[in-house]
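Right, one structure below, let's go through it.
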Amino acid sequence: MARASLTTRRLLGLDRSGPPPAETLSGQPLHPWTIPNAIGFTRIALIPVFLVLALNSGDGRTASASILYAVVGGTDYLDGIAARVTGQYSRLGALLDPITDRLLVLSGAAVCWRFDLLPRWALAVLAARELFMLVLSRMAMRRGIELEIKMLGRWAVWPTMFSLFLAMVSTTWVAEALLYLGLAMTLGATVEYVADGRRALRRPSSSA
């Protein structure tokens with residue numbers, strides 16, 4: 001099947017019109033050995049390194065940990081761009097990217113909680129949401145339900161990650177404001193995911 005022309009908007013992930021690549025859908029082979037997945041593996045491998053550096057810093061604010069967090073967060077779209085440029089789409093890539101983002105958010109929240117860098121109640125809500133989405137995604141996979149990525153959730157990643165990064169760099173009200181913004185957006189996306197899941201469960205099975 002011919003792919004859509006690679007415009008700048010499509011390359012950057014801003015234009016997601018049309019169906020997702022068939023290689024990324026449920027039931028397709030994982031195909032782990034691709035350039036985009038290599039980027040994803042590198043991102044996920046750097047998260048425990050960040051945690052070791054940050055948790056042993058004394059105050060949660062060390063240049064090496066902050067830079068590493070920025071690198072992992074900042075390369076969020078790099079694997080997607082690589083997939084669109086090379087055409088190396090895979091089921092594993094579709095699963096790996098959101099898991100990596102959630103682990104990075106949870107790791108940043110853990111550091112900010114440990115050193116009291118942001119309001120702990122908001123961090124607790126954020127962590128609970130990310131854990132809930134991991135469980136929901138797992139349940140959907142087991143039932144063969146494809147949860148479409150919501151743009152609200154995709155955009156929520158940026159203020160959330162940036163708030164955690166800022167809190168690990170300095171004391172500023174901007175970090176707290178961005179955390180609340182990201183939290184509101186991510187909770188809104190969660191409502192959309194739950195609604196999609198409920199509709200999918202009520203839909204008659206195609207095998208019936």
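The values are calculated or read from the model by the stated rules, or taken from the named source; none is laboratory data. Every value quoted in this text rests on a predicted model; they were computed, and no experiment measured them. FYI the Cβ positions are ideal-geometry reconstructions off the backbone, even for glycines, and counts take in every protein chain you see. Keep in mind that these areas ignore ligands, DNA and RNA; they rest on the heavy atoms of the full protein, side chains included. Shrake-Rupley method; radii C 1.70, N 1.55, O 1.52, S 1.80 Å.
A few remarks follow.
- Within region 156-169, the set of residues being of a type outside the set (Ser, Thr, Tyr), open to solvent by less than 60 Å² (accessible area, probe 1.4 Å) and within 12 Å of the chain's Cα centre (by Cα) comprises Ala156, Val157, Met161.
- Residue within region 143-159 that is of a type in the set (Lys, Arg) and more than 24 Å from Glu192 (Cβ to Cβ) present: no
- Pairs with Cβ under 8 Å, 6+ apart, first in region 44-71 and within 18 Å of Arg102 (Cα to Cα) and of a type in the set (Ser, Thr, Tyr), second part of a loop (DSSP other than H, G, I, E, B) and open to solvent by 50 Å² or more (accessible area, probe 1.4 Å): Ser66/Val169
- Condition check for Gly40: under 17 Å from the mean Cα position of the chain (by Cα) and open to solvent by 20 Å² or more (accessible area, probe 1.4 Å): no
- Condition broken by Ala122, with the remaining ones in (1) under 19 Å from the mean Cα position of the chain (by Cα); (2) open to solvent by 30 Å² or more (accessible area, probe 1.4 Å) satisfied: (2)
- Looking only at residues in region 140-155 that are exposed (fewer than 13 other Cβ atoms within 10 Å of the Cβ) and not basic (Lys, Arg), the one that is farthest from the chain's Cα centre (by Cα) is Gly144.
- The condition (being touching a helix residue (DSSP H, G or I) at 6+ places or on another chain (Cβ under 7 Å) and more than 25 Å from Met168 (Cα to Cα)) is satisfied by just one residue among Leu68, Leu53, Leu78, Leu92: Leu92.
- Candidate set from region 12-60 (those that are touching a Leu at 6+ places or on another chain (Cβ under 8 Å) and over 21 Å from Arg84 (Cα atoms)); member that is modelled with the lowest pLDDT: Gly60
- Every residue from region 131-182 that is charged (D, E, K, R) and modelled with pLDDT of 90 or more: Glu176
- Count of residues meeting criterion [among the β-branched types (Val, Ile, Thr) and open to solvent by less than 30 Å² (accessible area, probe 1.4 Å)] in region 125-139: 0
- Output for region 85-108, where each listed residue is within 18 Å of the chain's Cα centre (by Cα), farther than 20 Å from Leu136 by Cα and either of a type in the set (Val, Ile, Thr) or modelled with pLDDT under 95 (or both): Tyr89, Ser90
- Leading residue by the ranking (nearest to Arg142 (Cα to Cα)) among those in region 17-37 that are polar (S, T, N, Q) and open to solvent by less than 70 Å² (accessible area, probe 1.4 Å): Ser26
- Residue check for Gly80: without any contact (Cβ under 8 Å) to a residue 24 or more places away in the chain, closer than 18 Å to Trp155 by Cα, surrounded by fewer than 22 Cβ atoms within 10 Å (Cβ to Cβ) and of a type outside the set (Lys, Arg): no
- Among the residues of region 91-119, those identified as closer than 14 Å to Phe165 by Cβ and either free of Cβ contacts under 8 Å to residues at least 24 places away in the same chain or open to solvent by less than 20 Å² (accessible area, probe 1.4 Å) (or both) are Asp101, Leu104, Val105, Ser107, Gly108, Ala109, Val111, Cys112, Leu118.
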